[in-house]
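Accompanying notes for the structure given below.
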2 protein chains.
Amino acid sequence: MIEQQQEESLYSLVEDFFRNEFSTDNPLITEAVRRMLAAGGKRLRPRLTLLAAEAGGAQPQEHLPLAAYMELIHVATLIHDDVVDKADTRRGVNATAVDYGNRISVLAGDYLFAWIFKNVTAQYPAPIPHILSATLADICDGEVLQLRALANLDLPLSGYIDIVLKKTASLFAASAECGAIMAGTSAQRIAALRDYGLSYGIAFQMKDDLLDMTADEMKLGKPVGNDLRERKMTIPLILALERGDPEFRARVERFYDGGEDEIAGIIVEIGRHGGLDGTREQIAQYAERAKLSLTPLGSIRARGVLAGLADALTRD
Amino acid sequence: MIEQQQEESLYSLVEDFFRNEFSTDNPLITEAVRRMLAAGGKRLRPRLTLLAAEAGGAQPQEHLPLAAYMELIHVATLIHDDVVDKADTRRGVNATAVDYGNRISVLAGDYLFAWIFKNVTAQYPAPIPHILSATLADICDGEVLQLRALANLDLPLSGYIDIVLKKTASLFAASAECGAIMAGTSAQRIAALRDYGLSYGIAFQMKDDLLDMTADEMKLGKPVGNDLRERKMTIPLILALERGDPEFRARVERFYDGGEDEIAGIIVEIGRHGGLDGTREQIAQYAERAKLSLTPLGSIRARGVLAGLADALTRD
């Protein structure tokens, strides 16, 4: 209960920082970023930074700007995700953004990346700027791999994990690692917190994939089955295909080739082939691994909160 | 003649570096960047870096990677320039890129930015990483301002200069400044070389605007009048509008509102209203200012080459 309250106060710290302190030199872009921040989000990346700083023996609130930069890197990638291809409108995805918004989205995201690095290089010592830029390279690399793997029904689970490590887990790992580094803690604790971030990030992406098929649309804020519509290879689909039912595979193949089908019907099939339960098992395994990584921290408050965040991913 | 040869050897140094040493960790992106590099370019930004290093008393070839990063920042912005809006296809601009290439262009540019910063933060001391990220922020800021000024017939020359300082001159200034800093020369010489880069960059953009209306299409590699087609406010147009002929203004207004017109006819009118000659005068003034900036360098070889680059902008 106390942990719950302290967690909420970390969240409020981040929110207050964004509301009161965040501003770039470009009013148009400040406005765009504020709009994206106001749309919500659990601020998990900055919370990892603050918890890792606490685990390293520092006062979390002293590391708020660094924590905020982690969220802003995420926001900048989301802004660039809004850039769409003409092809997407044919599939009914994001039909408005393609009209006039692409150039502005690219520039706003670029500006935000540059602004973050401009500040980080002025305010933080090595290796923080290097970790952040290497992480951004990983994220982009992972997204390129994901694009190349679209509709590739032969993508194995290991290929999926490689993509997720780069596109999602790398930023969670960097968030925790940088908080720990700035706290000035031992190399062993820094590595423990980074490892936690990696496993947590993988479980987080798997949960995201699962929710895309199982959440109700009001909560999700977008139509269920969006990943299928975008022909992504998500873990529920990969695990269902592994079962090797040729009829099911042919159905997915037809749909990914542009055929008409009911998304809801495909999701039922994925469930029937163990894709949803299999994903829940994988999430539980990576959440467990994340908690295990924290062993070197001993028995401290932050460890309990981090373990709680990992456990939360295993609940529907 | 000797200077000409040494200049060519600087150019070859850069080319050889790109051909033999350049490679990112992502083969797809390495390939894309190599294609863009192979399409040509005068490598002016890296040449400024190498000449500034020489002016600062260093061996230019020792600073080849830094010089290459300057060109690569430029290449990454070009990759992002390829991202188009659906609206553009209606105007006949770049109709293929909108089809499937937008997402890949965004990711390739992002990856290249991140890769550059990852290397720069690992290989160069403060303030180099900070200068590069601040410069990228300026470039994006300038491009946002340019987008907002599209078809704004009231944009004054001073507003144009503000945009050009950020979107174009900032990278030339940073290229010269960083070369001088790495050579370890005096603050006065560093400032002189940075100032040269700023004035050179403004003259360079003005020349680019002029060529868009006067060059032959084979040399230009794109149709003449492309800037007008994109409704940009370039300096020849701004100077022609300053003359205050209401009929000419109305004609441009109609065209920028989407009306049909002959681009060639509008360019003739711009010339008739002194827009082309006025631009030539402005180029000469900024080239002169660039050369004046170099006074603190005294009489050294690199100063002559830099002066020659500025003079070259004044020849048609």
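Each reported figure results from applying straightforward, stated rules to the coordinates on display, with no laboratory input. Every value quoted in this text rests on a predicted model; they were computed, and no experiment measured them. Quick reminder, even Gly has a Cβ in these numbers, built from the backbone with ideal geometry, and neighbours come from all protein chains shown.
Which one, B:A76, B:A302, B:A250, has the greatest fluctuation when you compute a Gaussian network model over chain B with C-alpha springs under 10 angstrom?
Answer for the Gaussian network model of chain B: B:A250.
Helix-derived [θ] at 222 nm for the protein assembly as shown: sum -39500 (n - 2.57) over DSSP H runs of at least 4, divide by residue count, nearest 500?
-23000 deg cm²/dmol
How big is the stretch A:222-274 along each principal axis, measuring the range of its Cα positions in Å and listing the largest first?
So the three principal-axis extents are 28, 20, 17 Å.
Please compute the modelled spin-label separation between A:S186 and A:E230, points set 7 Å along Cα→Cβ, answer in nm with one decimal.
Calculated label separation equals 4.2 nm.
In straight Cα distance, which lysines are under 18 Å from B:K219, not counting same-chain residues fewer than 8 positions off?
Those lysines meeting the cut-off are B:K42, B:K207.
Compute the Cα gyration tensor for chain A, then decide on rounded, prolate or oblate, letting a ≥ b ≥ c be the square roots of its eigenvalues: rounded whenever a/c is under 1.5, prolate when a/b is larger than b/c in the other cases, and oblate in all that remain.
Oblate, since a/c reaches 1.5 and b/c is not below a/b.
Quick one: with label points 7 Å out along Cα→Cβ, list the inter-copy distances for B:R148 in nm, shortest first?
3.9
In a shell of Cβ-Cβ distance under 14 Å around B:A114, excluding B:A114 itself, what net charge do Lys and Arg (+1) and Asp and Glu (-1) give?
-3
Quick one: what are the phi-derived ³J(HN,Hα) couplings along the stretch A:286-295, Karplus 6.51/-1.76/1.60 with θ = phi - 60°, whole Hz, x for glycine and proline?
Karplus-based 3J(HN,Hα) across the stretch A:286-295 equals 6, 5, 4, 4, 4, 5, 4, 4, 7, 3 Hz.
Would you mind calculating the gained length between A:L157 and A:Q59 on full extension (0.36 nm times residue separation, minus the Cα-Cα distance), in nm to one decimal? Intermediate results must be reported in sequence, preceding the final value.
On the way: separation 98, 0.36 × 98 = 35.28 nm, distance 3.96 nm.
Answer, rounded to one decimal: 31.3 nm.
Taking chain B as the reference, fit the longest principal axis to its C-alpha atoms, fit the long axis of helix B:64-81 to the helix C-alpha atoms, and give the angle between the two in degrees, 0 to 90, nearest 10.
20
Could you give the size of the charge dipole of chain A about its Cα centre, using +1 on the Cβ of each K and R and -1 on the Cβ of each D and E, expressed in debye and rounded to the nearest 20?
Roughly 480 debye for chain A.
Just to be sure I understand the model, the point goes 7 Å from the Cα along the line to the Cβ. What's the resulting B:A312 to B:E260 distance in nm?
4.3
To the nearest 10 degrees, how steeply does helix B:187-214 sit against the main Cα axis of chain B, on a 0 to 90 scale?
Once rounded, one gets 30 degrees.
Specify the residue with the greatest mean-square fluctuation among B:G109, B:G275, B:G304, computed from a Gaussian network of chain B linking alpha-carbon atoms under 10 Å apart.
So, out of B:G109, B:G275, B:G304, the one fluctuating most is B:G304.
What is the local net charge at B:A137, summed over the other residues whose Cβ is closer than 13 Å to its Cβ (Lys, Arg +1; Asp, Glu -1)?
Around B:A137, the surrounding residues sum to -2.
Please give the FRET efficiency for A:E281 paired with B:L78, using the beta carbon to beta carbon distance and R0 = 60 Å, rounded to the nearest 0.05.
0.80
Specify which residue in the list B:L145, B:G101, B:A310 is farthest towards the positive end of the charge dipole of the protein assembly as shown, using unit charges on the beta carbon of Lys, Arg (+1) and Asp, Glu (-1), about the Cα centre.
B:A310
Calculate the dipole size of the protein assembly as shown relative to its Cα centre from +1 charges on Lys and Arg beta carbons and -1 charges on Asp and Glu beta carbons; express the result in debye to the nearest 20.
That gives the protein assembly as shown a dipole magnitude of about 940 debye.
Step through the residues of the stretch B:226-241 one at a time and calculate ³J(HN,Hα) from phi using the Karplus curve (6.51 cos²θ - 1.76 cosθ + 1.60, θ = phi - 60°), rounding each to whole Hz and writing x for Gly and Pro.
Once θ is set to phi - 60°, the couplings for the stretch B:226-241 become 4, 4, 5, 4, 7, 6, 6, 9, 9, 5, x, 5, 4, 5, 5, 5 Hz.
Distances from B:D245 to the same residue in each other copy, label points 7 Å out along Cα→Cβ, in nm, shortest first?
Relative to the other copies, B:D245 has label-point distances of 7.5 nm.
Report ³J(HN,Hα) in whole Hz for each residue of the stretch A:101-114, in order, from the Karplus equation J = 6.51 cos²θ - 1.76 cosθ + 1.60 where θ = phi - 60°; Gly and Pro get x.
In residue order, the calculated couplings are x, 4, 4, 5, 4, 4, 5, 5, x, 4, 4, 5, 4, 4 Hz.
Helix A:2-20: angle to the longest alpha-carbon principal axis of chain A, degrees 0 to 90, nearest 10?
90
Relative contact order, percent, of chain B when contacts are C-alpha pairs under 8 Å separated by at least 6 residues?
19
Normalise the Debye intensity by I(0) for the protein assembly as shown, one equal point scatterer per Cα, no solvent, then take log10 at q = 0.10, 0.11 Å⁻¹ and round to two decimals.
-0.98, -1.13
Which Cα, out of B:V120, B:G40, B:G184, lies furthest along the positive dipole direction of chain B (beta carbon charges, K/R +1, D/E -1)?
B:G184
Please identify, among B:A122, B:A287, B:A176, the residue showing maximal mean-square fluctuation in a Gaussian network model of chain B using a 10 angstrom Cα cutoff.
Looking only at B:A122, B:A287, B:A176, the largest GNM fluctuation is found for B:A122.
Projecting each Cα onto the charge dipole of the stretch B:159-298 (Lys/Arg +1, Asp/Glu -1 at the beta carbon, about the Cα centre), which of B:G197, B:P296, B:A173 comes out farthest on the positive side?
Looking along the dipole axis, the top candidate is B:P296.
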